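Input: a single structure, listed below in structure tokens.
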Amino acid sequence: MLLHLRRAASTKHPRGFAPPSAEELGELRERVQEFARREIPETVASRTDRENEFPVELWKRLGNAGIGLSYAAHSQLCVNQLSLNGSMEQKQRLLPGLVSGDKVGALAMSEHSAGSDVVSMRTTAKATDGGWILNGTKMWITNGPDADYIVVYAKTDTQAGSRGITAFIVEKTFSGFSCMRKLDKLGMRGSNTGELVFDNVFVPRDNLLGKVNEGVRVLMEGLDLERLVLSAGPLG
Ligand SMILES: Cc1cc2nc3c(=O)[nH]c(=O)nc-3n(C[C@H](O)[C@H](O)[C@H](O)COP(=O)(O)OP(=O)(O)OC[C@H]3O[C@@H](n4cnc5c(N)ncnc54)[C@H](O)[C@@H]3O)c2cc1C
């Protein structure tokens, strides 16, 4: 009984959620194929593969259809984290632009030497007057080269392991933040992936996401859904 309740509490599905039927899933597949045939003609697909440039003109249409790796990163990795963990002020300030597609979102947890073992990250956030100073780099960040808002994880206590990580919202206009390079990937071309640098980036207190040293809870809560959504890509 307790296990059952715990499972129900950990799901992000709304109360009373009924999983889609096989017919509904078939219909969804058909609609996605129809969208791809109509909106992504061979010329656009081959240009995107060749040049590895995100087709910006498709951004809002991909968003309306709810498909694509860049859209998944925007919606699952950034918007979802803000709606689950943001304060009312943060939601009012950031969500309208993100939901309309006028702003692009990303999430930065991975580093050169911290992938699967993400808790070994080295990016730090030191408390200062009115906020924190971030230093470090993040690797393989989807939408990194384009993002307006990035959910960033950093160590606020380097001695505390998983209990010393905090989530922040970094805005691309913040001084000291930059995308050092866009990666030239073998696959998933056209979905921009970047290496991000935080060089003494001041993050104001208003941009703390959740609580200090409780970033792993924020991170794992998001990963529940993110990994599930993104696993659909490799499965085809
Ligand atoms: C296209 C793309 C987009 C991405 N977008 C983002 C993003 O938006 N934001 C972000 O933060 N990160 C992003 N990432 C990074 C992604 O989260 C990492 O690639 C992932 O966490 C795996 O880390 P890694 O690549 O360092 O692999 P590693 O951790 O080095 O793993 C390599 C292999 O070793 C295996 N392995 C690792 N540890 C163990 C172990 N203890 N025991 C047994 N096997 C093990 C793994 O299963 C894997 O097969 C992206 C990556 C890609 C490829």
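Every read-out reported here was derived from the displayed coordinates using simple, explicitly stated rules and does not represent laboratory data. This structure is a prediction, so every number in the text was calculated from the model and none was measured. Glycine also receives a Cβ, built like all others from the backbone with ideal geometry; neighbour counts cover every protein chain displayed.
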Quiz prompt | Among (1) in contact (Cβ under 8 Å) with a residue 12 or more places away in the chain; (2) more than 22 Å from Lys91 (Cα to Cα), the one test that Val203 misses | solution = (2)
Self-check item: Filter pass, Val212 being out of contact with any helix residue (DSSP H, G or I) (no Cβ under 7 Å at 6 or more places or on another chain), buried (at least 22 other Cβ atoms within 10 Å of the Cβ) and of a type in the set (A, V, I, L, M, F, W, C)
Solution: no
Practice problem: Tell me which of these Ala73 doesn't satisfy, since it passes every other one: (1) within 10 Å of the ligand (Cβ to nearest atom); (2) touching a residue at least 12 places away in the same chain (Cβ under 8 Å); (3) closer than 21 Å to Gly161 by Cα. | Solution: (3)
Quiz prompt | Matching residues in the range 144-155 - criterion: being part of a strand (DSSP E or B) and not β-branched (Val, Ile, Thr) | solution = Tyr149, Tyr153, Ala154, Lys155
Quiz prompt | Number of positions in the range 206-236 that are in contact (Cβ under 8 Å) with a residue 60 or more places away in the chain and in a helix (DSSP H, G or I) | solution = 14
Quiz prompt | Thr158 being over 14 Å from Phe198 (Cα atoms), assigned to a loop (DSSP other than H, G, I, E, B), more than 16 Å from the ligand (Cβ to nearest atom) and among the hydroxyl-bearing types (Ser, Thr, Tyr) | solution = yes
Quiz item: Yes or no: Gln90 part of a helix (DSSP H, G or I), touching a residue at least 40 places away in the same chain (Cβ under 8 Å) and within 16 Å of the ligand (Cβ to nearest atom)?
Solution: no
Practice problem: Would you mention how many residues in the range 66-85 are more than 14 Å from the chain's Cα centre (by Cα), surrounded by 16 or more Cβ atoms within 10 Å (Cβ to Cβ) and among the small types (Gly, Ala, Ser)? | Solution: 0
Quiz item: Looking at Ala108, is it away from the ligand (no atom under 16 Å from the Cβ) and of a type outside the set (S, T, N, Q)?
Solution: no
Quiz item: Taking the range 131-142 as the search range and keeping residues that are near the ligand (Cβ under 7 Å from one of its atoms) and touching a residue at least 60 places away in the same chain (Cβ under 8 Å), which one is nearest to Leu223 (Cα to Cα)?
Solution: Thr142
Practice problem: Pull up the range 164-203, narrow it to residues that are surrounded by 14 or more Cβ atoms within 10 Å (Cβ to Cβ) and out of contact with any strand residue (DSSP E or B) (no Cβ under 8 Å at 6 or more places or on another chain), then point me to the one that is farthest from Arg50 (Cα to Cα). | Solution: Met188
Quiz item: Residues of the range 120-130 being more than 10 Å from the ligand (Cβ to nearest atom) and either within 30 Å of Lys60 (Cβ to Cβ) or surrounded by 18 or more Cβ atoms within 10 Å (Cβ to Cβ) (or both), which ones?
Solution: Thr123, Ala125
Quiz prompt | Residues of the range 112-143 classified as part of a loop (DSSP other than H, G, I, E, B), farther than 17 Å from Asp199 by Cα and not charged (D, E, K, R), total | solution = 5
Quiz item: Do we have any residue at all in the range 146-154 that's surrounded by fewer than 16 Cβ atoms within 10 Å (Cβ to Cβ) and acidic (Asp, Glu)?
Solution: no
